[in-house]
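The values are calculated or read from the model by the stated rules, or taken from the named source; none is laboratory data. Values in this document were obtained by computation on a predicted structure and should not be read as measured data. So basically every Cβ, Gly included, is an ideal-geometry build from the backbone, and we count neighbours across all protein chains shown. Surface accessibility is based on the protein's heavy atoms, side chains included, excluding ligands, DNA and RNA. Shrake-Rupley method; radii C 1.70, N 1.55, O 1.52, S 1.80 Å.
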Amino acid sequence: AQSVTQLGSHVSVSEGALVLLRCNYSSSVPPYLFWYVQYPNQGLQLLLKYTSAATLVKGINGFEAEFKKSETSFHLTKPSAHMSDAAEYFCAVSDLRSGAGSYQLTFGKGTKLSVIP
Amino acid sequence: KAGVTQTPRYLIKTRGQQVTLSCSPISGHRSVSWYQQTPGQGLQFLFEYFSETQRNKGNFPGRFSGRQFSNSRSEMNVSTLELGDSALYLCASSTDRGQMAETQYFGPGTRLLVL
């Protein structure tokens, strides 16, 4: 089974500083990877996804992530943090269930991002 | 296009009761998945429905069940509620074109508190 590890359950950055949220995956097949964001009392919103078309993926709100096969990583970055970026971020891998034709998401534990003014 | 909607948004129940949560997918989406989110276990997959059939099920007891209607709307039911069932229940829909990179769109969730 595929799995995802997010390093750091809580990350704090100053407003305007670089945001780096780490995600490592384990997969025996080419993975499909996703980053979702969750604001308080809300559901998950897709930030970006890796589908093997390009290793550097650009998403919404200025976020991007780079797929590095050699490091089995898919870290999320943003050059300059904004107060509105404070939220919880989840990395996920798409996991095929054989015979079912059904794909489910396996999530990391999440990283809560705080932005200090 | 309207997003995924879930009702109710908040629910308080007592142990031993049962509860039914509802999810309306994005128009045209035929696959509906359910996830449980708790502080301790994080986001865990419950089950997935497509064309009124459960295609996949996570590792949850039989007290958790669901169904999907012909209009793709889905309900999940939890019987004999336990304190540990307190969680945010998230529903997600997708078009299901059979691609692993398909995006799942999430609703706002139903927050269940079991007393």
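Putting +1 on Lys and Arg Cβ atoms and -1 on Asp and Glu Cβ atoms, find which of B:S51, A:G43, A:H82 reaches farthest to the positive end of the dipole of the protein assembly as shown.
B:S51
Please label the shape of segment B:1-113 as rounded, prolate or oblate, based on the square roots a ≥ b ≥ c of the eigenvalues of the alpha-carbon gyration tensor (a/c under 1.5 means rounded; beyond that, a/b larger than b/c means prolate, else oblate). Can you show the working numbers first?
Details: a/c = 1.71, a/b = 1.64, b/c = 1.04.
Cα axes put segment B:1-113 in the prolate bin.
Taking only pairs that are 8 or more places apart or on different chains, how many Lys pairs in chain A have Cα atoms under 16 angstrom apart? Intermediate values should be presented prior to the final figure.
Details: A:K49/A:K58; A:K49/A:K68; A:K49/A:K69; A:K49/A:K78; A:K58/A:K68; A:K58/A:K78; A:K78/A:K112.
Lysine pairs meeting both conditions in chain A amount to 7.
Calculate the spin-label point distance for B:N77 paired with A:N61, positioning each point 7 Å from the Cα along the beta-carbon direction, and give it in nanometres.
So the label points at A:N61 and B:N77 sit 3.8 nm apart.
For segment B:50-64, which residues drop by 40 square angstrom or more in accessible area between the chain on its own and all protein chains together (1.4 Å probe)?
For segment B:50-64, once contacts with the other chains are taken into account, B:R55, B:N56 lose 40 Å² or more.
With +1 on each Lys and Arg Cβ and -1 on each Asp and Glu Cβ, and nothing else charged, work out how big the dipole of chain A is about its Cα centre, in Debye to the nearest 20. Let's see the in-between values first.
Details: 9 positive and 7 negative charges, 41 e Å.
Using only the charged Cβ atoms, the result is roughly 200 debye.
Tell me the trypsin sites (Lys or Arg not before Pro) within segment A:16-108 that lie in a loop according to DSSP and have at most 15 other beta-carbon atoms within 10 Å. Before the final figure, lay out the partial values.
On the way: sites: A:R22, A:K49, A:K58, A:K68, A:K69, A:R97; in loops: A:K69.
Listed in order of number, the matching sites are A:K69.
Under unit Cβ charges (Lys, Arg +1; Asp, Glu -1), what dipole magnitude, rounded to 20 debye, does segment B:5-115 have relative to its Cα centre?
Numbers: 11 positive and 7 negative charges, 32 e Å.
Computed about the Cα centre, the dipole is about 160 debye.
Peptide B:102-115: average number of partner chain Cβ atoms within 10 Å per residue? Provide the component values of the computation, followed by the final result.
On the way: counts 5, 7, 9, 4, 8, 3, 4, 5, 0, 1, 0, 0, 0, 0.
Taking the mean over all residues of the peptide, I get 3.
Roughly to the nearest percent, how much of the accessible area of chain B is carbon and sulfur, given a 1.4 Å probe? Before the final figure, lay out each step's value.
Values: 2550 of 5300 Å².
In chain B, the share of accessible area belonging to carbon and sulfur is 48 percent.
Relative contact order (percent) for segment A:1-78, with alpha-carbon contacts under 8 angstrom and 6 or more residues of separation?
Working: 131 pairs, mean separation 22.6, N = 78.
That works out to 29 percent.
With a 10 Å cut-off between alpha carbons and a GNM built on chain A, which of A:L44, A:L76, A:L20 moves the most?
Fluctuation is largest for A:L44.
Based on a Kirkwood Rh over C-alpha pairs, give the Stokes-Einstein translational diffusion coefficient of segment A:43-117 at 4 °C and viscosity 1.567 mPa s in µm²/s. Could you put the intermediate results ahead of the total?
On the way: Rh = 14.0 Å.
Estimated diffusion coefficient is 92 µm²/s.
Filter the GluC sites (Glu not before Pro) in segment A:7-85 to those in DSSP coil with at most 11 other Cβ atoms within 10 Å of their Cβ, and list the result.
Working: sites: A:E15, A:E64, A:E66, A:E71; in loops: A:E15, A:E71.
Taking segment A:7-85 and a limit of 11 other Cβ atoms within 10 Å, the loop GluC sites (Glu not before Pro) found are A:E71.
Could you tell me which residue out of B:T95, B:G3, B:W34 lies farthest along the dipole of chain B toward its positive end? Charges go on the beta carbon: Lys and Arg +1, Asp and Glu -1, centred on the Cα centre.
B:G3
List the pair-distance distribution P(r) of the protein assembly as shown, using every Cα-Cα distance, as the percent of pairs falling in each 10 Å bin from 0 up to the bin containing the longest distance, rounded to whole percents.
Over the protein assembly as shown, the share of Cα pairs per 10 Å bin runs 8, 33, 35, 20, 5, 0 percent.
Test of understanding: what is the full-extension gain from B:L113 to B:S86, defined as 0.36 nm times their sequence separation minus their Cα-Cα distance? Could the numbers behind the result be given before it?
Values: separation 27, 0.36 × 27 = 9.72 nm, distance 0.47 nm.
Here the segment from B:L113 to B:S86 would lengthen by 9.3 nm.
With +1 on each Lys and Arg Cβ and -1 on each Asp and Glu Cβ, how big is the dipole of segment B:23-76 about its Cα centre, in debye rounded to the nearest 20?
Values: 6 positive and 3 negative charges, 14 e Å.
My answer is approximately 60 debye.
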